1. Once the other residues with Cβ under 10 Å from the Cβ of GLU149 are scored (Lys, Arg +1; Asp, Glu -1), what is the net sum?
2. I need two numbers for region 149-249: Rg to one decimal and Dmax as a whole number, Cα atoms only, in Å.
3. How large a share of the accessible area of the chain, in percent, is made up of carbon and sulfur atoms when the probe is 1.4 Å and the other protein chains stay in place?
4. Please work out the average accessible area per residue across the chain, using the 1.4 Å probe convention, and give it in Å².
5. Please give the net charge around ARG50, taking every other residue with its beta carbon less than 11 angstrom from that of ARG50, where Lys and Arg add +1 and Asp and Glu add -1.
6. Taking 0.36 nm per intervening residue step and subtracting the Cα-Cα distance, what contour gain separates GLU446 from SER706 on full extension?
7. At 0.36 nm per residue, and after removing the present C-alpha to C-alpha distance, how many nm does the segment from ARG40 to ASP671 gain when stretched out fully?
8. Grab the DSSP H runs of the chain that are 4 residues or longer, score each as -39,500 (n - 2.57), total them, divide by all residues and round the 222 nm result to the nearest 500 deg cm²/dmol.
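The values are calculated or read from the model by the stated rules, or taken from the named source; none is laboratory data. In this text the structure is predicted, and so the values were computed from the model without any measurement. Every residue, glycine as well, gets a Cβ built from its backbone with ideal geometry; the counts of neighbours run over all protein chains shown. For accessibility, only protein heavy atoms count, side chains too; no ligands or nucleic acids. Shrake-Rupley method; radii C 1.70, N 1.55, O 1.52, S 1.80 Å.
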Amino acid sequence: MAIAQREMALSALKRLLAPNQVVTNPSELITYEVDAAFDRGTPMAVVFPRTTDDVVHIVKWAAEHGIPLVARGAGTGLSGGAVAERGGVIVAFSRMNRVLELDEAGRSVVVEPGVVNLVLDELVKTKGLYYPPDPASGRTATIGGNVAENAGGPHCFKYGVTTNYVAGLEVVLADGRVVRLGGRALDYPEYDLAGAVTGGEGMLGLITRVEARLLRNTPAIKTMMASFDSVEEAGVAVSAVIARGLVPATMELMDRKIMRIIEDYAHAGLPVEAGAALIIEADGYRESVSPQIEEIAAILRDHAGCDLRIAQTAEERDLIWLARKSAAGAITRLTPAYYLLDGTVPRSKLAATLAEINRVCEAAALRVGYVFHAGDGNLHPYILIPDPDDADLVRRAHAAGRAVMELCVRQDGSITGEHGVGIEKRQYMTLMHSAAELRLMQDVKEVFDPANILNPGKVIPELGSWGAGVQGSGGAEAQGSADPQYLIPNTQYPTSATEAADALRACVAAGQSARIRGGGTKSGLLPPANSVLSTSGLAGIIKYAPEDLFVTVGAGTPLAELQVELSRDMMWAPLASPWPAATVGGIVATSFNAPLRMRYGAVRDLVLAATVAMPDGAVIRAGRPVVKNVAGYDLPKLFVGSHGTLGLITDVSLKLAPLPRARASIVVPIDNLAQGLALSGKLLPVCLVASALLLCRGCDLTGVSSPYVLVYTAEGMPEDVAAELAQVRAVVSSEGCADLTEVAGLSGSAVWATRLGAILPSETSLRAGVPPKDLPRLMVDLAPTLAGAAFIADFANGLLYVQGVANVAAVRRPARAAGGYAVILAGPGGGDPWGHTPDGLDLMRGIKAKWDPAGLCNPGAFIV
């Protein structure tokens, strides 16, 4: 841009905002040339919006002048993601730092992007709630930056990463339009665009509001540190803990080199003579944490652990965590620079990976120390760079970094678990992703930002580096690759991803529509198609790794069969279905969630990776079988809940959990709706290890003759279950309900499944979703409509399932008014099954048009 044009553009920008919201002074801009990584770029200006309207004005200005925008939180990113590599304007969100709403009843919070992670966590804890993502930079990192990078932290092994807590986003698109993606109601009938933007590194839109879900804060925590002679021994001990069916809140590992560096800085009493130290934390009820930590301690001793120290006070625990999170600060006392890597491997491969990294660094004469998120396989080698001006040293460090990333990919891991790609790892994306996969990411970018003004050039490498054979994923080439006269069978049974892709490509080439069919349990409302692609030939376990808590399974595998196989090792995929024939692929494609999601996460949270046959004949792999993976856009989120309209899922890698050691339900007869709503409201704050809180009418439970019945299920460690159900009994008694029964082994999700499984195809049945806090009000409003109808109200998840609805519109109106929806699950057909128009519908259609331009992949199956 010419100097005169630049000055005119900046003058126009300054007229849009207050004087203190625009910085152009070159000396002040130096601060914004870098984030916490190496890469640099000088912006032409930095702007500080205070409102969404400010952001809209900035984006429209940038679009008019063709100037790049780079979003920035606190500048703590470690991959150059917030660096103005191509110039342009940095949009710093530090002044959009308000907590807009804290919903205690619904366990959610609405914040602006500039709210600091630690500030949010401390605020919600005053209300007895918990926001689990806790990156090491959480004392300064912002929620907007966390969302953009899909940040993790030490507690991800048990609680997951940022995307698992993002319910909805307000986003300003590249044309200045404000859209709401997702929301606090669950399972909106739309592509999971909020999931795609999370981890999108600011390339798809500018986030101006985050709706996040919260958990009940755990009543008790115990923290233990154990010493080992080597990292390898500690890794074996970690696997042994998992094999016993224990799920600690965190498992962190440090090697001797890094401990000595940290101890000189933090004076935390680290065992610096040991080869490695393992920090393990158990949480839950007070009755539970001591037995947990004692059992873990015994396992560690049996696997070479020694010098076990249990923090006796909050101060001792805080000192341990100060040490763990001070690695970066401690290193800067020794060296002016370091190269921090961020690969992830399946946790059972940590020790072997570390040994290989040591060989790489020794061969390059590099000094390296390690911290690990041992529970989730995320390793952080710190390569020390004592002289950043030594070009050969820096070259050797980067060469070692590439070797480490290649190693992680060979182990079926990721080049980045939580730091993001940005500039730093962009050139390494081809190590992990095929040209077809990169093309899908580029398609998403083009749909959201066709002019390429939002953080341009990040994450996705230049087209020429993708390798030979790159072609658009829109399918134009594929349409000419098959004989139009080829007779497509009425039903096809592919047995591999390649066969499925060939079948889809043949359908497209012949101009024939393809219906994707799993167990046929959710196909009753779908229109006919020219050909049916059955996933029944794509059945069976492909890879089972109980030590790494995942299984890769063919999409056509019935869930019931998978659970039988997993149960032999006391494991399970925490999913449920009302229909015995339901397949894993069908559950994933429809994102059909059971009440137990409140305990274990939704389908979107359990899918680690998927192989997908695309309509153009490409086979792509989205994700990896690791909990932490931020190498590019989160493509699995787009396929989960897409109803097969973007491609045919051929296999899925699912996150597993140990079978709960105890499960029991409190069953309470309820005389009237008002009583049931009041009691449910009192019980919601109790939920910690609960997997269901349901109010049912028409559920056939033995010994219950009341009009309604409340079912509260808790599962997990026996001590946790006993403690929680004791609280439930106390609440029920205080509400004057003396008649209750505790049923060992009964699951609320099983009650839900039985009720939904009894729905007749001829009956119009609905699922309404609203923010959980609004479900009681919705039910009061619907009381006349629901008169006589059987229903299940899932209070923790804000979902209402109703059988035999005469007036669909009467349900949809109040659901929409509450920010929700109502979809038809079964019925005679003839109406709109979705009744919902997403803000991002044009974005959904844009992605659909890129990947299935002819609209022949599962037509009529979804809202697009």
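1. -2
2. 18.8, 57
3. Here it works out to 52 percent.
4. Here the residues of the chain average 35 Å² of exposed surface.
5. -1
6. Extra length available between GLU446 and SER706 comes to 87.9 nm.
7. 220.5 nm
8. One gets -9500 deg cm²/dmol as the mean residue ellipticity at 222 nm.
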